[in-house]
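So the structure is just underneath, and the comments pick up after that.
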Amino acid sequence: MIDSASSIVLTCHVRPDGDAIGSTLGWKHLLDSIGKSATVVVPDNAPRSLAFLPGFDSLAVYTRHEEYCSRLFKEADLVICCDFNQPSRLDKMRVLLDEATCPKVLVDHHVFPDEFADITFSFPDMSSTCELAFRLIADLGLYSQMNLDSATCILTGMVTDTKNFTVNCKSPDIYEILQRLIDKGCDKNRIVRLSLVEKSFGALKLEAYAISNKMEIFPELHAAVICLSKKECEDFHYEKGDTEGLVNRPTEIRGITCSFFLREDSDCVKVSARSVLDFPVNTICSDLFGGGGHVMAAGAEFHGSLQECRDMLVKALPDYARFLKGKTEKLDYFEI
Ligand code: MN
């Protein structure tokens, strides 16, 4: 398909993260280097923390340039979908994918993909879509063509989805892939700092405020819940992506198995959930809010007030205590 295509569109999910942008741009640089014309089309803006990625400024953003994006899809003779498992993950841009008549390929690591592509590469055991993209590129015999720009984007997705190789990293292969990417000249330390660590002063203060003032702990359920209103976010000059890592922080507490972060947005409440020890937060997100995701990293949107969302979650949590069996440690909990 790549051989017979000349204009290739790469696309990924709404509110794209490092893996979504890394995998699409990683393919783009590779495809450009073998003489194709590849463009990354995203449903909405990518976070500024990824602005260091080569090609970031070339992203076609549907919410900003609807017609241009629509033309790119119409003129494409191949669409490669990265890091999502259902067309609905493209949000309003979904129509472009639905209407595209050219062949479609899906490259993804989320469970249970819809059958919308002509070829589906679905490997939920992989750390990241970027890891899968690297393997495909290598299997296609294109590793030697991979340039530093492509390698940097691919490594960024691996770094962000694995939290710098601290989660989803059981397979020894990924360290070999890491080596192959560093062989291309990637500056891993810089990638980690820019994509994962660095944040604004306001974002750091918002995180501190959320943890010290807004975190509720439910000791018997080994759960933590943080709610942030729109007003609270605005008080800290909230920008998109500022609360990206917040949901993970409560899981750093010994004995906390699952963490929920509810953020009031303009039209809904954004629910993010994280867990440790394979506690299935995707089940909770799907049962309660119609969301989904990975076992230990899931999310949803709730249409209603922040308080309703929080109450619904807290009321339902005891129903899931059965999943805690054998997955808990003594909770170090100090009432202050
Ligand atoms: Mn991913």
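A compact table of results
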{"item": "Calculated [θ] (222 nm, deg cm²/dmol) that DSSP helices of n ≥ 4 give over the chain, each run adding -39,500 (n - 2.57)", "result": "-10000 deg cm²/dmol"}
{"item": "Whole-percent carbon and sulfur share, accessible surface of the chain, 1.4 Å", "result": "49 percent"}
{"item": "Percentage, to the nearest whole number, of Cα pairs in the stretch 150-266 over 24 Å apart", "result": "40 percent"}
{"item": "Per residue accessible area in Å² of the stretch 105-206, where ligands, DNA and RNA are left out and the probe is 1.4 Å", "result": "51 Å²"}
{"item": "Integer Hz, Karplus 6.51/-1.76/1.60 couplings in order for the stretch 306-314, x for Gly and Pro", "result": "4, 4, 4, 5, 4, 5, 4, 5, 5"}
{"item": "Nearest-ten-degree value, helix 173-183 long axis tilted from longest Cα axis of the chain", "result": "60 degrees"}
{"item": "Unit charges at the beta carbon, dipole of the chain: most positive-side option, LEU262, GLN86, SER212", "result": "SER212"}
{"item": "Dipole in debye (nearest 20) - the chain, about Cα centre, beta carbon charges: Lys, Arg +1; Asp, Glu -1", "result": "580 debye"}
{"item": "Cα gyration tensor category, rounded, prolate or oblate, for the stretch 233-285 with a/c compared to 1.5", "result": "oblate"}
{"item": "Residue-level accessible surface for ILE253, protein heavy atoms, 1.4 Å, Å²", "result": "50 Å²"}
{"item": "Highest-fluctuation residue, GLU264, GLU115, GLU301 considered, GNM on the chain with Cα pairs under 10 Å", "result": "GLU115"}
{"item": "Accessible heavy-atom area order of LEU306, LEU204, highest first, probe of 1.4 Å", "result": "LEU204, LEU306"}
{"item": "Angle in degrees between helix 18-33 and the longest Cα principal axis of the chain, rounded to the nearest 10", "result": "10 degrees"}
{"item": "Order of exposure, largest accessible area first, which applies to VAL9, VAL276 with probe 1.4 Å", "result": "VAL276, VAL9"}
{"item": "Kirkwood Rh in Å, taken over all unlike Cα pairs in the chain", "result": "20.7 Å"}
{"item": "Whole-Å distance, taken between Cα centres, linking the stretch 140-214 and the stretch 229-298", "result": "21 Å"}
{"item": "In degrees, nearest ten, helix 201-213 long axis to first principal axis of the chain (Cα)", "result": "30 degrees"}
{"item": "Calculated from backbone phi, Karplus (6.51, -1.76, 1.60) coupling profile of the stretch 163-172 in Hz, x at Gly/Pro", "result": "6, 6, 6, 10, 10, 6, 10, 6, 6, x"}
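The values are calculated or read from the model by the stated rules, or taken from the named source; none is laboratory data. It should be emphasised that the depicted structure is a prediction, and the values quoted were computed from it without experimental measurement. So basically every Cβ, Gly included, is an ideal-geometry build from the backbone, and we count neighbours across all protein chains shown. What goes into the accessible areas is simple: the full protein's heavy atoms, side chains included, and nothing from ligands, DNA or RNA. Shrake-Rupley method; radii C 1.70, N 1.55, O 1.52, S 1.80 Å.
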